[in-house]
1. Report, by residue number, each residue of the range 56-85 that is in contact (Cβ under 8 Å) with a residue 40 or more places away in the chain, open to solvent by 30 Å² or more (accessible area, probe 1.4 Å) and of a type in the set (Gly, Ala, Ser).
2. Would you check which residues across the range 43-55 are among the polar types (S, T, N, Q) and open to solvent by less than 90 Å² (accessible area, probe 1.4 Å) and list them?
3. Say we look at the range 22-42 and pick out the residues that are under 9 Å from the mean Cα position of the chain (by Cα) and either closer than 13 Å to LEU82 by Cα or touching a residue at least 40 places away in the same chain (Cβ under 8 Å) (or both); which of these is surrounded by the fewest Cβ atoms within 10 Å (Cβ to Cβ)?
4. Would you mind stating whether ALA18 is modelled with pLDDT under 80, small (Gly, Ala, Ser) and over 13 Å from ARG79 (Cβ atoms)?
5. Considering only residues that are modelled with pLDDT of 95 or more and over 13 Å from the mean Cα position of the chain (by Cα), which ones fall in the range 53-93?
Amino acid sequence: MKKLSQIAAFAVALGLWAVPGFAQTGSIEGSVTDDQGLALPGVTTTAKNTATGFTRAATSDSTGTFRINALPVGTYDVRAELTGFGGRARQVV
């Protein structure tokens with residue numbers, strides 16, 4: 001069984017941007033690739049707020065790109081998973 005660690009470039013161009021309004025929210029976006037830098041479509045990327053447990057997920061498209069929108073500002077554990085692979089996680093503030 002392959003491991004998602006082969007998705008070495010879980011190169012998440014991670015950013016949380018505040019949006020003005022009644023509630024501040026942000027988004028996390030990035031791309032998922034394998035060891036050779038090839039895009040991995042269909043990867044489920046989940047962001048879980050470490051303080052509240054709030055969770056939201058997105059699936060990478062044909063270019064390996066994902067975007068998780070409308071996240072309350074905070075610290076998130078971000079996990080990428082693909083059937084047949086292990087998981088890979090990072091923390092985002």
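The values are calculated or read from the model by the stated rules, or taken from the named source; none is laboratory data. Just so you know, these numbers come straight off a predicted model, no measurement behind them. Positions of Cβ are generated from backbone atoms using ideal geometry, with glycine treated the same way; all protein chains shown enter the neighbour counts. Just the protein is used for accessible areas: all its heavy atoms, side chains included, with ligands, DNA and RNA removed. Shrake-Rupley method; radii C 1.70, N 1.55, O 1.52, S 1.80 Å.
1. Those that are in contact (Cβ under 8 Å) with a residue 40 or more places away in the chain, open to solvent by 30 Å² or more (accessible area, probe 1.4 Å) and of a type in the set (Gly, Ala, Ser): ALA70, GLY84.
2. Start the filter on the range 43-55 by keeping residues that are among the polar types (S, T, N, Q), which leaves 44-46, 49-50, 52, 55.
Once the filter is applied, which keeps residues that are among the polar types (S, T, N, Q) and open to solvent by less than 90 Å² (accessible area, probe 1.4 Å), the range 43-55 yields THR44, THR45, THR46, ASN49, THR50, THR55.
3. Taking the range 22-42 and keeping what is under 9 Å from the mean Cα position of the chain (by Cα), we get 28-32.
Of the ones still in play, those that are also either closer than 13 Å to LEU82 by Cα or touching a residue at least 40 places away in the same chain (Cβ under 8 Å) (or both) are 28, 32.
On the way: ILE28: 22, VAL32: 25.
Ranking the candidates gives ILE28 first.
4. Details: modelled with pLDDT under 80: yes; small (Gly, Ala, Ser): yes; over 13 Å from ARG79 (Cβ atoms): yes.
Spelling it out, ALA18 is indeed modelled with pLDDT under 80, small (Gly, Ala, Ser) and over 13 Å from ARG79 (Cβ atoms).
5. GLY53, PHE54, SER62, THR63
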